[in-house]
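FYI, it's all coordinate maths here, none of it is from the lab. What you see is a predicted model, and the numbers here were worked out from it, not measured in a lab. Counting neighbours? That spans all protein chains shown, and the Cβs are built from the backbone with ideal geometry, glycine included.
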């Protein structure tokens with residue numbers, strides 16, 4: 001892997017991970033404050049349904065921008081065609097602004113219909129309040145959709161901090177509105193805060209646009225780039241729709257199981273994302289623009305090398321994390337959730353599901369990177385076909401495994417399909433890159449063996465020594481990391497030491513600059 005590309009990916013991943021943590025902490029603080037003011041009442045139900053509508057509409061648009069606009073825009077930059085890239089951005093921002101106008105107009109004109117569809121159980125004052133809040137907050141789609149385009153542009157210019165900080169600042173207006181204005185203006189102040197939050201996320205991004213770009217409305221949609229985007233966009237929207245449908249299918253099947261099953265799946269899923277999501281998302285996000293640049297310049301050997309190196313890094317990071325989460329599943333779930341009404345029985349059910357989900361850490365991260373190879377080549381049809389195959393297979397296997405193992409069967413289906421589809425993607429991506437799967441499997445084997453030893457030693461220790469769950473996790477982490485790091489040297493797993501060296505080099509640079 002080229003040193004420059006490796007540094008760009010690593011630097012971007014570190015920035016994205018740090019800002020991602022800050023965004024999650026800000027979101028948690030906001031939710032905590034809202035919980036104190038709203039409680040669990042009809043007002044909170046109405047307000048959170050507004051967010052629920054946004055979480056359906058916005059991801060479908062932003063995924064289209066990320067997977068379709070960014071590759072085309074980055075391709076222009078890779079060939080030093082900045083003026084053409086900027087002209088294309090003008091058209092895209094205008095196009096998605098028109099979509100935002102249509103979405104906003106529809107929501108404001110047919111608010112009652114929207115609320116009835118997304119919240120059919122709302123009646124009386126809950127429904128009326130939800131309609132008011134949805135109508136007040138509708139203009140936020142103007143800025144959050146434009147913000148998604150600017151974020152893609154910033155990432156194409158390797159300005160990852162600028163593209164990610166918006167996720168932090170967008171929560172601040174809601175936090176301030178709750179503390180300063182809720183008692184005076186009531187819950188409507190929170191709806192207004194959503195608009196201000198959307199505006200703030202766009203304004204903050206504009207400070208990082210330093211390549212001479214200034215948006216100029218362009219309603220002339222005829223261009224090769226726009227034609228390419230319009231051909232690819234429907235497939236991406238289908239992927240996002242089918243993915244959301246898949247999640248709903250799992251919940252629908254779980255609804256026939258004992259009470260608390262859906263909650264256990266939800267808690268296990270959130271915990272899974274905490275452990276694997278930040279790492280895989282950060283690396284994949286930072287990697288994507290670099291992949292597109294290599295694709296645009298037709299550097300296929302460098303692309304293959306980059307993908308293999310990233311997959312190796314996923315193995316080195318994700319497999320020990322998987323092993324640790326499986327062996328210490330009860331302590332982890334207990335530390336995260338066991339309080340109040342969440343009792344030992346809930347811990348046991350959630351821990352089992354969590355452990356099964358963890359099996360797919362490596363394959364899920366790898367699938368994301370392999371999908372990006374298709375998107376980088378402008379191929380959105382193949383990922384759509386693979387996604388549909390995955391969803392159909394998920395339904396069929398769920399029907400079998402849910403009878404055998406209940407809720408755990410749903411998790412088994414999710415993880416096993418993730419692994420199977422990873423090998424399918426390896427086979428299909430050979431059209432674009434040459435990946436030595438055997439070499440990757442050898443590294444996976446080494447890392448798995450080492451992970452079992454490094455995590456098994458502290459697990460064995462605490463079968464004989466009783467201690468507080470937090471002490472168990474802290475001490476086990478120290479022992480496990482020490483054994484694992486020593487083992488990577490012994491087995492000559494160089495990726496771990498490359499990561500450490502890159503971290504140390506950042507500290508050396510800071511000391512020199514100081």
Ranked by how many other beta carbons lie within 10 Å on average, peptides 405-418, 11-24, 44-57, 241-254 from highest: 405-418, 11-24, 44-57, 241-254
Relative contact order for the chain, counting Cα pairs under 8 Å that sit 6 or more residues apart, in percent: 19 percent
Net length gained if the chain between residue 262 and residue 431 were fully extended (0.36 nm per residue, minus Cα distance): 56.8 nm
Segment residue 83-residue 37, length gained on full extension (0.36 nm per residue, minus Cα span): 11.6 nm
Segment 12-88-segment 119-162 distance, computed between alpha-carbon centres (Å): 9 Å
Rg followed by Dmax, in Å, when segment 1-135 is reduced to its Cα trace: 20.4, 62
Calculated [θ] (222 nm, deg cm²/dmol) that DSSP helices of n ≥ 4 give over the chain, each run adding -39,500 (n - 2.57): -27500 deg cm²/dmol
Label-point separation in nm, residue 231 to residue 44, each point 7 Å along Cα→Cβ: 5.1 nm
Length-normalised contact order of segment 317-454 in % [C-alpha pairs under 8 Å, at least 6 apart]: 32 percent
Cα-projected label distance for residue 219 with residue 419, points at 7 Å along beta-carbon direction, nm: 5.7 nm
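Convex hull over the alpha-carbon atoms of segment 346-473: what's its volume per residue in Å³?
Measuring per residue, one finds 140 Å³ for the Cα hull of segment 346-473.
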Cα-projected label distance for residue 101 with residue 251, points at 7 Å along beta-carbon direction, nm: 3.4 nm
Chain lengthening between residue 241 and residue 442 when straightened (0.36 nm per residue, less Cα-Cα): 68.7 nm
